[in-house]
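What follows is a set of notes on a single structure, which appears directly below.
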(Lines give C-alpha, C1' and ligand atoms only; values in the text may rest on other atoms or scores of the structure.)
Protein backbone atom coordinates (compact mmCIF):
# COMPACT_ATOMS: atom_id res chain seq x y z
CA UNK A 1 0.00 0.00 0.00
CA UNK A 2 2.79 2.35 0.92
CA UNK A 3 4.59 1.65 -2.39
CA UNK A 4 1.44 2.39 -4.39
CA UNK A 5 0.93 5.65 -2.49
CA UNK A 6 4.50 6.75 -3.28
CA UNK A 7 3.97 6.03 -6.98
CA UNK A 8 0.76 8.09 -7.02
CA UNK A 9 2.48 11.05 -5.35
CA UNK A 10 5.43 10.85 -7.77
CA UNK A 11 3.04 10.77 -10.72
CA UNK A 12 1.18 13.83 -9.45
CA UNK A 13 4.46 15.75 -9.10
CA UNK A 14 6.14 14.71 -12.35
CA UNK A 15 3.12 14.95 -14.68
CA UNK A 16 2.76 18.80 -14.49
CA UNK A 17 6.51 19.18 -14.99
CA UNK A 18 6.41 16.98 -18.08
CA UNK A 19 3.50 18.95 -19.50
CA UNK A 20 5.33 22.22 -18.82
CA UNK A 21 8.51 21.01 -20.57
CA UNK A 22 6.49 19.80 -23.56
CA UNK A 23 4.76 23.18 -23.85
CA UNK A 24 8.05 25.06 -23.61
CA UNK A 25 9.70 22.95 -26.30
CA UNK A 26 6.90 23.58 -28.76
CA UNK A 27 5.99 27.21 -28.15
CA UNK A 28 9.06 28.75 -26.37
CA UNK A 29 8.82 30.33 -22.99
CA UNK A 30 8.23 34.05 -23.44
CA UNK A 31 10.43 36.29 -21.31
CA UNK A 32 12.01 39.70 -21.81
CA UNK A 33 15.73 39.97 -22.56
CA UNK A 34 17.89 43.06 -23.07
CA UNK A 35 20.30 43.24 -25.96
CA UNK A 36 22.99 45.77 -26.75
CA UNK A 37 24.08 47.10 -30.10
CA UNK A 38 27.16 49.10 -31.00
CA UNK A 39 26.18 51.79 -33.48
CA UNK A 40 28.81 54.19 -34.80
CA UNK A 41 31.17 53.24 -31.96
CA UNK A 42 28.58 54.12 -29.34
CA UNK A 43 26.81 51.48 -27.24
CA UNK A 44 23.07 51.84 -27.13
CA UNK A 45 20.86 49.96 -24.69
CA UNK A 46 18.20 48.22 -26.71
CA UNK A 47 14.54 48.07 -25.94
CA UNK A 48 13.38 44.81 -24.33
CA UNK A 49 12.58 42.18 -26.93
CA UNK A 50 10.24 39.25 -26.32
CA UNK A 51 12.27 36.15 -27.05
CA UNK A 52 9.24 34.24 -28.27
CA UNK A 53 8.93 36.81 -31.08
CA UNK A 54 12.44 36.13 -32.37
CA UNK A 55 13.31 33.84 -35.23
CA UNK A 56 15.99 31.38 -34.05
CA UNK A 57 18.56 32.45 -36.69
CA UNK A 58 17.89 36.21 -36.72
CA UNK A 59 19.42 38.78 -34.35
CA UNK A 60 16.85 41.45 -33.69
CA UNK A 61 17.80 44.78 -32.20
CA UNK A 62 15.58 47.72 -31.51
CA UNK A 63 17.98 50.45 -30.32
CA UNK A 64 16.48 53.12 -28.14
CA UNK A 65 16.62 56.59 -29.67
CA UNK A 66 19.84 58.20 -28.52
CA UNK A 67 22.20 60.92 -29.75
CA UNK A 68 25.97 60.34 -29.61
CA UNK A 69 27.85 62.93 -27.57
CA UNK A 70 29.83 64.08 -30.61
CA UNK A 71 26.70 64.79 -32.61
CA UNK A 72 25.57 67.19 -29.91
CA UNK A 73 28.59 69.38 -30.63
CA UNK A 74 26.29 71.19 -33.05
CA UNK A 75 24.92 72.84 -29.93
CA UNK A 76 27.25 75.85 -29.43
CA UNK A 77 27.02 75.68 -25.64
CA UNK A 78 28.03 72.02 -25.63
CA UNK A 79 30.83 72.66 -28.11
CA UNK A 80 32.27 75.54 -26.10
CA UNK A 81 32.14 73.46 -22.93
CA UNK A 82 33.94 70.64 -24.75
CA UNK A 83 36.63 72.95 -26.09
CA UNK A 84 37.21 74.44 -22.63
CA UNK A 85 37.66 71.00 -21.13
CA UNK A 86 39.98 69.79 -23.88
CA UNK A 87 42.06 72.69 -25.26
CA UNK A 88 42.28 72.49 -29.01
CA UNK A 89 45.24 74.71 -29.73
CA UNK A 90 48.47 72.77 -29.91
CA UNK A 91 51.06 75.52 -30.24
CA UNK A 92 49.11 78.75 -30.50
CA UNK A 93 46.47 80.47 -28.44
CA UNK A 94 43.81 83.06 -29.38
CA UNK A 95 46.04 85.82 -27.96
CA UNK A 96 48.94 84.90 -30.27
CA UNK A 97 47.22 85.57 -33.60
CA UNK A 98 49.48 87.30 -36.07
CA UNK A 99 48.64 90.70 -37.48
CA UNK A 100 48.77 90.68 -41.28
CA UNK A 101 50.84 93.74 -42.18
CA UNK A 102 50.73 93.33 -45.99
CA UNK A 103 47.42 94.43 -47.56
CA UNK A 104 46.05 91.48 -49.58
CA UNK A 105 46.02 92.02 -53.35
CA UNK A 106 45.27 88.47 -54.48
CA UNK A 107 43.09 85.57 -53.40
CA UNK A 108 44.15 81.94 -53.21
CA UNK A 109 42.38 78.85 -51.86
CA UNK A 110 44.20 76.07 -50.05
CA UNK A 111 42.20 72.84 -50.06
CA UNK A 112 42.85 69.67 -48.10
CA UNK A 113 41.57 66.23 -49.17
CA UNK A 114 41.07 62.83 -47.52
CA UNK A 115 40.94 63.97 -43.90
CA UNK A 116 40.42 64.75 -41.21
CA UNK A 117 43.44 63.19 -39.54
CA UNK A 118 45.76 63.80 -36.62
CA UNK A 119 47.50 66.51 -38.67
CA UNK A 120 44.38 68.53 -39.40
CA UNK A 121 44.31 70.27 -36.03
CA UNK A 122 47.85 71.57 -36.54
CA UNK A 123 46.92 73.02 -39.92
CA UNK A 124 43.86 74.63 -38.34
CA UNK A 125 46.12 76.19 -35.73
CA UNK A 126 48.32 77.77 -38.39
CA UNK A 127 45.32 79.06 -40.36
CA UNK A 128 43.82 80.54 -37.22
CA UNK A 129 47.12 82.10 -36.16
CA UNK A 130 47.36 83.94 -39.49
CA UNK A 131 43.69 84.88 -39.76
CA UNK A 132 43.32 82.66 -42.82
CA UNK A 133 40.76 80.16 -44.11
CA UNK A 134 40.82 76.98 -46.17
CA UNK A 135 38.48 74.32 -47.49
CA UNK A 136 38.55 70.74 -46.25
CA UNK A 137 37.17 68.05 -48.57
CA UNK A 138 36.54 65.28 -46.05
CA UNK A 139 35.70 61.60 -46.34
CA UNK A 140 32.30 60.69 -44.98
CA UNK A 141 33.53 57.59 -43.17
CA UNK A 142 35.95 59.75 -41.14
CA UNK A 143 33.46 62.39 -40.07
CA UNK A 144 32.23 60.74 -36.88
CA UNK A 145 35.68 59.94 -35.50
CA UNK A 146 36.86 63.50 -36.16
CA UNK A 147 33.64 65.37 -35.40
CA UNK A 148 35.32 67.75 -32.94
CA UNK A 149 37.94 68.76 -35.50
CA UNK A 150 35.31 69.31 -38.18
CA UNK A 151 33.14 71.40 -35.91
CA UNK A 152 36.03 73.59 -34.78
CA UNK A 153 37.26 74.02 -38.36
CA UNK A 154 33.87 75.38 -39.35
CA UNK A 155 33.66 77.59 -36.26
CA UNK A 156 36.97 79.18 -37.27
CA UNK A 157 35.51 80.13 -40.65
CA UNK A 158 36.88 77.29 -42.72
CA UNK A 159 34.76 75.37 -45.20
CA UNK A 160 34.05 71.66 -44.67
CA UNK A 161 32.57 69.84 -47.66
CA UNK A 162 32.48 66.35 -49.15
CA UNK A 163 35.09 64.31 -51.00
CA UNK A 164 33.08 61.04 -51.18
CA UNK A 165 32.28 58.52 -48.48
CA UNK A 166 35.23 56.15 -48.84
CA UNK A 167 37.35 57.48 -51.74
CA UNK A 168 36.05 55.18 -54.45
CA UNK A 169 36.66 56.10 -58.06
CA UNK A 170 33.37 57.59 -59.27
CA UNK A 171 34.12 56.52 -62.85
CA UNK A 172 33.58 52.92 -61.74
CA UNK A 173 30.28 53.56 -59.94
CA UNK A 174 26.68 53.67 -61.05
CA UNK A 175 24.77 56.93 -60.87
CA UNK A 176 22.96 55.64 -57.79
CA UNK A 177 26.28 54.85 -56.07
CA UNK A 178 27.69 58.27 -56.96
CA UNK A 179 24.59 59.91 -55.54
CA UNK A 180 24.93 57.91 -52.33
CA UNK A 181 28.61 58.85 -51.95
CA UNK A 182 27.85 62.56 -52.29
CA UNK A 183 24.61 62.66 -50.30
CA UNK A 184 25.71 60.48 -47.37
CA UNK A 185 28.92 62.45 -46.89
CA UNK A 186 27.07 65.76 -46.90
CA UNK A 187 24.50 64.38 -44.46
CA UNK A 188 27.26 63.28 -42.05
CA UNK A 189 28.87 66.73 -42.17
CA UNK A 190 25.51 68.44 -41.64
CA UNK A 191 24.85 66.30 -38.57
CA UNK A 192 28.06 67.54 -36.97
CA UNK A 193 27.71 71.18 -38.00
CA UNK A 194 24.00 71.43 -37.32
CA UNK A 195 23.49 72.93 -40.77
CA UNK A 196 24.04 71.96 -44.42
CA UNK A 197 27.52 72.42 -45.86
CA UNK A 198 28.14 74.34 -49.07
CA UNK A 199 26.76 72.48 -52.14
CA UNK A 200 30.17 71.68 -53.62
CA UNK A 201 32.26 68.51 -53.67
CA UNK A 202 35.46 67.12 -55.12
CA UNK A 203 35.43 63.63 -56.65
CA UNK A 204 38.27 61.28 -55.61
CA UNK A 205 41.35 61.59 -57.84
CA UNK A 206 39.67 64.56 -59.52
CA UNK A 207 37.95 62.12 -61.89
CA UNK A 208 35.16 63.75 -63.85
CA UNK A 209 32.82 62.56 -66.59
CA UNK A 210 29.31 63.28 -67.83
CA UNK A 211 27.66 60.87 -65.40
CA UNK A 212 29.33 62.53 -62.41
CA UNK A 213 28.32 65.97 -63.64
CA UNK A 214 24.77 64.79 -64.30
CA UNK A 215 24.40 63.44 -60.75
CA UNK A 216 25.97 66.61 -59.32
CA UNK A 217 23.54 68.78 -61.27
CA UNK A 218 20.61 66.63 -60.18
CA UNK A 219 21.63 67.07 -56.53
CA UNK A 220 22.36 70.77 -56.96
CA UNK A 221 26.11 70.40 -56.39
CA UNK A 222 29.08 72.07 -58.05
CA UNK A 223 32.26 70.08 -58.83
CA UNK A 224 35.56 71.64 -57.71
CA UNK A 225 39.02 70.40 -58.66
CA UNK A 226 42.25 72.43 -58.61
CA UNK A 227 44.78 74.43 -60.60
CA UNK A 228 47.94 73.77 -58.52
CA UNK A 229 48.98 70.26 -57.48
CA UNK A 230 52.25 69.81 -55.54
CA UNK A 231 51.50 66.05 -55.45
CA UNK A 232 52.12 65.98 -51.73
CA UNK A 233 50.75 62.42 -51.67
CA UNK A 234 53.76 61.38 -53.76
CA UNK A 235 56.51 63.85 -52.82
CA UNK A 236 56.38 63.63 -49.05
CA UNK A 237 58.89 66.42 -48.67
CA UNK A 238 57.94 69.70 -46.98
CA UNK A 239 60.49 71.67 -49.02
CA UNK A 240 59.10 70.38 -52.32
CA UNK A 241 55.52 71.17 -51.32
CA UNK A 242 56.43 74.66 -50.11
CA UNK A 243 58.51 75.51 -53.18
CA UNK A 244 55.92 74.23 -55.65
CA UNK A 245 53.16 76.33 -54.08
CA UNK A 246 55.24 79.50 -53.93
CA UNK A 247 56.50 79.13 -57.52
CA UNK A 248 53.04 78.55 -59.01
CA UNK A 249 50.68 80.63 -56.86
CA UNK A 250 48.68 83.24 -58.78
CA UNK A 251 45.51 85.16 -58.09
CA UNK A 252 42.57 82.74 -58.26
CA UNK A 253 44.59 79.57 -57.70
CA UNK A 254 43.09 76.53 -56.01
CA UNK A 255 45.76 74.34 -54.41
CA UNK A 256 45.09 70.65 -53.72
CA UNK A 257 46.78 69.22 -50.63
CA UNK A 258 46.22 66.36 -48.20
CA UNK A 259 45.93 66.92 -44.47
CA UNK A 260 46.81 63.25 -43.96
CA UNK A 261 50.53 63.89 -44.49
CA UNK A 262 52.98 65.13 -41.88
CA UNK A 263 55.09 66.72 -44.61
CA UNK A 264 52.07 68.76 -45.72
CA UNK A 265 51.55 69.99 -42.18
CA UNK A 266 55.21 71.00 -41.99
CA UNK A 267 55.01 72.78 -45.35
CA UNK A 268 52.02 74.84 -44.16
CA UNK A 269 54.07 76.27 -41.29
CA UNK A 270 56.09 78.12 -43.96
CA UNK A 271 53.67 78.39 -46.89
CA UNK A 272 50.79 80.14 -45.14
CA UNK A 273 52.79 83.10 -43.77
CA UNK A 274 54.84 83.28 -46.98
CA UNK A 275 51.73 83.56 -49.15
CA UNK A 276 50.44 86.33 -46.91
CA UNK A 277 53.73 88.16 -47.19
CA UNK A 278 53.40 87.94 -50.99
CA UNK A 279 50.03 89.70 -50.78
CA UNK A 280 47.71 86.69 -50.89
CA UNK A 281 44.53 86.40 -48.87
CA UNK A 282 43.79 82.76 -48.04
CA UNK A 283 40.06 82.16 -48.54
CA UNK A 284 37.64 79.27 -48.98
CA UNK A 285 36.90 77.68 -52.34
CA UNK A 286 33.37 79.04 -52.38
CA UNK A 287 34.64 82.56 -51.77
CA UNK A 288 37.29 82.48 -54.46
CA UNK A 289 35.01 80.92 -57.07
CA UNK A 290 32.19 83.36 -56.41
CA UNK A 291 34.73 86.18 -56.62
CA UNK A 292 35.96 84.91 -59.99
CA UNK A 293 32.80 83.54 -61.59
CA UNK A 294 29.83 84.83 -59.64
CA UNK A 295 27.02 82.41 -58.86
CA UNK A 296 28.14 78.79 -59.16
CA UNK A 297 26.21 76.46 -61.44
CA UNK A 298 25.20 72.94 -60.33
CA UNK A 299 26.95 70.27 -62.37
CA UNK A 300 29.63 72.67 -63.59
CA UNK A 301 33.34 71.96 -63.05
CA UNK A 302 35.56 74.69 -61.57
CA UNK A 303 39.33 74.41 -61.29
CA UNK A 304 40.62 77.87 -60.39
CA UNK A 305 43.23 79.86 -62.28
CA UNK A 306 46.82 79.04 -63.09
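The values are calculated or read from the model by the stated rules, or taken from the named source; none is laboratory data. Source: prediction; values computed, not measured. Cβ sites come from the backbone with ideal geometry, for glycine too, and all protein chains shown count toward neighbours.
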| message | Are there helices (runs of 4 or more DSSP H) fully within the range 130-243 with at least 2 residues that are under 23 Å from residue 295 (Cα atoms) and in contact (Cβ under 8 Å) with a residue 24 or more places away in the chain? List them. | response | 175-193, 210-219
| message | Any residue that is at positive phi and either surrounded by 17 or more Cβ atoms within 10 Å (Cβ to Cβ) or over 14 Å from the mean Cα position of the chain (by Cα) (or both) - is there at least one of those in the range 168-190? | response | no
| message | What's the number of the only condition in (1) surrounded by fewer than 22 Cβ atoms within 10 Å (Cβ to Cβ); (2) more than 22 Å from the chain's Cα centre (by Cα); (3) at pLDDT 95 or above that residue 230 fails to meet? | response | (1)
| Considering only residues of the range 252-268 that are buried (at least 21 other Cβ atoms within 10 Å of the Cβ) and out of contact with any strand residue (DSSP E or B) (no Cβ under 7 Å at 6 or more places or on another chain), which is nearest to residue 232 (Cα to Cα)? | 261
| Among the residues of the range 77-95, is any at pLDDT 50 or above, touching a helix residue (DSSP H, G or I) at 6+ places or on another chain (Cβ under 8 Å) and surrounded by fewer than 21 Cβ atoms within 10 Å (Cβ to Cβ)? | no
| Looking at 295, 266, which one is free of Cβ contacts under 8 Å to residues at least 40 places away in the same chain and part of a loop (DSSP other than H, G, I, E, B)? | 295
